[in-house]
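Reading through the structure tokens given below for one structure.
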Amino acid sequence: MNFSYYSMFMGTVHSFQPEKLAAGLLWTNAADRSWALSLLERSFGEIDYAGPDMLFSFTSYYDQELGTPIYRSLVSFRELVDPADLASIKLETNELETVMTVAGRRRVNIDPGLLTLSRFSLATTKENSHRIPLRHGIFAEITLLYHRGGYEPLPWTYPDYRSKEYHEILLEIRSRLKQQLIPAGNRG
């Protein structure tokens with residue numbers, strides 16, 4: 001077999017481009033939210049965007065554990081991360097949730113994800129046909145695609161991530177990422 005013939009058709013292996021770490025937090029008590037943000041900053045560095053506190057009424061799935069009313073806030077971190085680290089990041093946020101557990105109930109739910117200029121992906125422990133296994137029981141799913149100036153949901157996209165309000169927040173985070181990716185000498 002002539003390997004040089006086949007190698008001219010193979011793609012070249014490259015490192016992944018760093019991506020923007022973001023997280024969605026669900027909480028009922030503002031003090032718990034502040035505690036979670038402090039723990040997240042210790043683990044992942046400075047938060048460069050903290051979105052508004054939004055009432056989370058898309059499902060009652062978390063009501064028994066977290067209580068009501070539940071709020072959602074989306075944050076992003078200044079330091080870009082290697083997307084190959086998504087499973088480790090999810091394991092770390094699971095550990096932070098455990099640290100914040102009181103009487104067997106989580107006080108905050110933390111859903112980390114990665115934002116690029118073309119998509120927003122979430123990490124999860126829940127297997128499904130559209131999720132890709134990463135490692136240690138962690139899966140990734142592409143949640144939203146960026147197309148023609150906005151986000152487009154996929155058939156499995158959670159209802160909250162389909163909302164205009166979330167899209168506007170993710171567009172703001174995307175704008176920050178875009179600025180980070182412009183070489184420092186070209187920022188004008």
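The values are calculated or read from the model by the stated rules, or taken from the named source; none is laboratory data. Values in this document were obtained by computation on a predicted structure and should not be read as measured data. Every residue, glycine as well, gets a Cβ built from its backbone with ideal geometry; the counts of neighbours run over all protein chains shown.
Residue by residue, here is whether (1) among the hydroxyl-bearing types (S, T, Y); (2) exposed (fewer than 12 other Cβ atoms within 10 Å of the Cβ) holds:
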residue	(1), (2)
A30	no, yes
L39	no, no
S43	yes, no
N109	no, no
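For the stretch 51-86, give me each residue that is within 20 Å of the chain's Cα centre (by Cα), outside any loop (DSSP other than H, G, I, E, B), of a type outside the set (S, T, Y) and surrounded by 13 or more Cβ atoms within 10 Å (Cβ to Cβ).
M54, R72, L74, V75, F77, V81, P83, D85, L86
If I89 satisfies every condition in (1) within 19 Å of Y158 (Cα to Cα); (2) in contact (Cβ under 8 Å) with a residue 60 or more places away in the chain; (3) surrounded by 18 or more Cβ atoms within 10 Å (Cβ to Cβ) but one, which is the exception?
(1)
Residue by residue through the stretch 122-179, note down the ones that are among the small types (G, A, S) and either under 20 Å from G51 (Cβ atoms) or free of Cβ contacts under 8 Å to residues at least 12 places away in the same chain (or both). Don't jump to the end; show me each part of the working.
Let us first name the residues in the stretch 122-179 that are among the small types (G, A, S), namely 123, 129, 137, 140, 149-150, 163, 175.
Residues satisfying the conditions are A123, S129, G149, G150, S163, S175.
Which condition does E95 not pass, out of (1) surrounded by fewer than 17 Cβ atoms within 10 Å (Cβ to Cβ); (2) assigned to a strand (DSSP E or B); (3) modelled with pLDDT of 95 or more; (4) not polar (S, T, N, Q), if it passes all the others?
The one condition E95 does not meet is (2).
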